[in-house]
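Down below is the structure, laid out as structure tokens.
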Amino acid sequence: MICVLLGVICHGIYNIFYSYAVTIAGVSISAVLLNIAPVFTLLFSVLFFSEKITAWKVIAIVINILGCILAATGGRFHTAAFSLIGILFGLGAGLCYAMTAILGRFASDRTDPFVMSLYSYAAAALLLLFWSLFKNGSAIRFTSGSSRILLWGFLFALIPTAIAYILYYAGIQKVRESSKVPVIASVETVVAAVIGILVYKEKLNFFSLLGVALVLISIVLMNRRQRTQM
């Protein structure tokens, strides 16, 4: 239970940190900093679970981070507003995201994924509510367009949030090496790129496509040793 509570607190703090990183440093830089999480996860996995740092893991993580950077920015760093505070928030979000995988691993043998997801989003909602009230000094006001916002908010909370993290926590129970989790989960970068092309008709440049390819390669490399042992 303690691990679950710590995990949900980390998840709530992650949401706050990432939101501020996006606001201050921009979406691209925030996405890059968030994808530093595999490095934190690898270090924590060695510390808490005595996992071995292998050459394949290091190569896969380096390729993964490079791929996420290229996929998120398209190689255009000059358009991003670099801010020390924004970078610190982004790194904090990556750290909390990494801790979600670690603490989820601790609690995975005793806790149902649905329970973990319920606690996670209850805690995240409370933290965000308190933080919003602290920053704005007033309650959220509803306007004439609130019904549409609530509809999209509900869909956002249901599909890419609740369902996604139920599957995420269920996956943690199956993947016994926590250092692999963020790398495998980074396939979201590939999915986002594909959706951008198919739905929003976005055009990806060479660097973005190279980044997507590197993310896929890193996932294959991270699972290579596991397949060899079977």
List the helices (runs of 4 or more DSSP H) that sit entirely inside segment 152-202 and contain at least 1 residues that are farther than 28 Å from Val39 by Cβ and free of Cβ contacts under 8 Å to residues at least 40 places away in the same chain. 187-198
Within segment 29-52, restricting to residues that are at pLDDT below 70 and touching a Phe, Trp or Tyr at 6+ places or on another chain (Cβ under 8 Å), the one that is surrounded by the most Cβ atoms within 10 Å (Cβ to Cβ) is Ser30
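Table: residues versus (1) on the phi < 0 side of the Ramachandran plot; (2) among the basic types (Lys, Arg); (3) buried (at least 20 other Cβ atoms within 10 Å of the Cβ).
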position	(1), (2), (3)
Gly171	yes, no, no
Glu177	yes, no, no
Val181	yes, no, yes
Glu188	yes, no, no
Ala192	yes, no, no
Lys201	no, yes, no
Met222	yes, no, yes
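Out of curiosity, is Ala81 at pLDDT 70 or above and not basic (Lys, Arg)?
Spelling it out, it is not the case that Ala81 is at pLDDT 70 or above and not basic (Lys, Arg).
The values are calculated or read from the model by the stated rules, or taken from the named source; none is laboratory data. In this text the structure is predicted, and so the values were computed from the model without any measurement. Ideal geometry is used to build each Cβ from the backbone, glycine not excepted, and the neighbour counts take in all protein chains shown.
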